[in-house]
Amino acid sequence: MKKKSGIETRVNRAGAVFVLPFILVYAAFQFWPVIYTLMLGFSDIKGFKTDMGFVGLENFKRLVTDKFFWDSVYNTFCMWGLNFAPQLSIALIFAIWFTDLRLNLKCKGLFRAVFYMPNLLTTASIAILFRSLFAYPIGPVNQFLTGTLNIWATEIVDGEEVLRGFNFFRMNVTPDKDYLIDWVPRIIVAFIQWWMWCGHTLIMLMAGITSISPSLYEAAIVDGANQRQQTWLITIPLLRPMMLYLLVTSMIGGMQLFEIPFLLTDMRGGPRYAIRTMGVYLYNMGFQGKTDYSYAAAIAIGVFIITILLATMINQMIKDRKFNQWWYLLLMLIFIIVGFALYMWTRMFILLLAFGYVGVGVVALHHYLYEKRRTNR
């Protein structure tokens, strides 16, 4: 066995010295908090209690049956879905528009900067900005709706219907419009998230489009392909890795949504908890009221598990280029719709997740058997 020279040994030692500060900082502020969270999840620490008593899976049993937790999961998914679908669609349209050489748009750099600018602002300042815009009763949005468009909210006071401004995060509506109490604040939060991140998605998609070889488009033009065919048969298929990256990272960020709903409302997600996300619920349980640190740690572990499962599912479903049969998607949609119907009936979001994962499992199993039969022929 060849021995290392003295110079090589000294270089290795010097490298270890330079890497050591990063390892220490990572261990202190990243690795140890994760380990301590896992320990807390199996303990019973609350309030000023410092003795960590082992309680096994009690916190996780409580988590599985906690209606408020699953409602927060449902709220989180709703706001992320309402944000990401239009975000990706609009960003893709503008990315194709800005990178089209035939249009040769002027000031493309300025447009990119304007689109990306909201992403440079801190989340807290954006939350305060939109809280001022939607303020009750004299915010700019209320003044525009009531003063310019003459649109008023209605409220029952002493049996009589009274016209008032819109209290967007404590909706004052008649009983037959209770659905507005839940969906109006969710749509507002989704819009804020879209406004913040659409520019980032646009820049990433533009980078993906510009990396596509121009020779592919030249060959398509020679073959008689029009602009629509080039987009559907060249641009979008070659953007799949970038769109997968954006989908996974957006989903991870959406599961961690905290500042916007926390600062827009009473720090608990509103009076009916319509925008209480998993992050807000974790904060409420850990640092407000009961200060149940152990259960908050169990919530954090639950959020981590949900995020990992979703990221793995999305990656497996999209990365396979042959996995494009429409009926697969239809079957998954049926499973999700059935799960959603059960959720609306029982108010247990875990049923929706369960049916979604069962649908993915059935589709993945069928795809595996199909590919196995095809390769054995």
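Considering the convex hull of the alpha carbon atoms of segment 52-97, report its projected area averaged over all viewing directions, in nm², one decimal. All intermediate terms of the calculation are to be shown ahead of the outcome.
Working: hull surface 20.7 nm².
The orientation-averaged projected area of the Cα hull of segment 52-97 comes to 5.2 nm².
Determine the order of T277, T312, T154 by accessible area, beginning with the largest, at a probe radius of 1.4 Å.
On the way: T277 0, T312 70, T154 25 Å².
Largest accessible area first, the residues go T312, T154, T277.
By a straight-distance test (C-alpha under 18 Å), which aspartates and glutamates pair with K108 as possible cross-link partners, with residues fewer than eight away in the same chain excluded?
Here the aspartates and glutamates satisfying the reach criterion relative to K108 are D100.
Can you pull out the trypsin sites (Lys or Arg not before Pro) in segment 34-109 whose DSSP state is coil and whose Cβ has at most 10 other Cβ atoms within 10 Å? If you can, show how the numbers build up before the last one.
Details: sites: K46, K49, K61, R62, K67, R102, K106, K108; in loops: K46, K49, R102, K106.
Listed in order of number, the matching sites are R102, K106.
Might you work out the accessible area of W80 for me, using a 1.4 Å probe with all protein chains in place, and round it to the nearest 10 Å²?
Taking all protein chains as shown, W80 has close to 40 Å².
Is segment 34-148 best put as rounded, prolate or oblate by its Cα gyration tensor, with a ≥ b ≥ c the root eigenvalues, rounded for a/c under 1.5, and otherwise prolate when a/b is larger than b/c, oblate when not? Intermediate values should be presented prior to the final figure.
Numbers: a/c = 2.77, a/b = 1.88, b/c = 1.47.
Because a/c hits 1.5 or more and a/b exceeds b/c, segment 34-148 counts as prolate.
Evaluate 2.2 N^0.38 Å with N set to the residue count of segment 82-141, then give the Cα radius of gyration divided by it. Present the calculation step by step, with values, prior to reporting the outcome.
Working: Rg = 15.8 Å, N = 60, 2.2 N^0.38 = 10.4 Å.
With N residues counted in segment 82-141, Rg over 2.2 N^0.38 Å equals 1.52.
The values are calculated or read from the model by the stated rules, or taken from the named source; none is laboratory data. Everything quoted here is computed from the prediction, not taken from an experiment. Glycine also receives a Cβ, built like all others from the backbone with ideal geometry; neighbour counts cover every protein chain displayed. These accessible areas exclude ligands, DNA and RNA; they are computed on the full protein's heavy atoms, side chains included. Shrake-Rupley method; radii C 1.70, N 1.55, O 1.52, S 1.80 Å.
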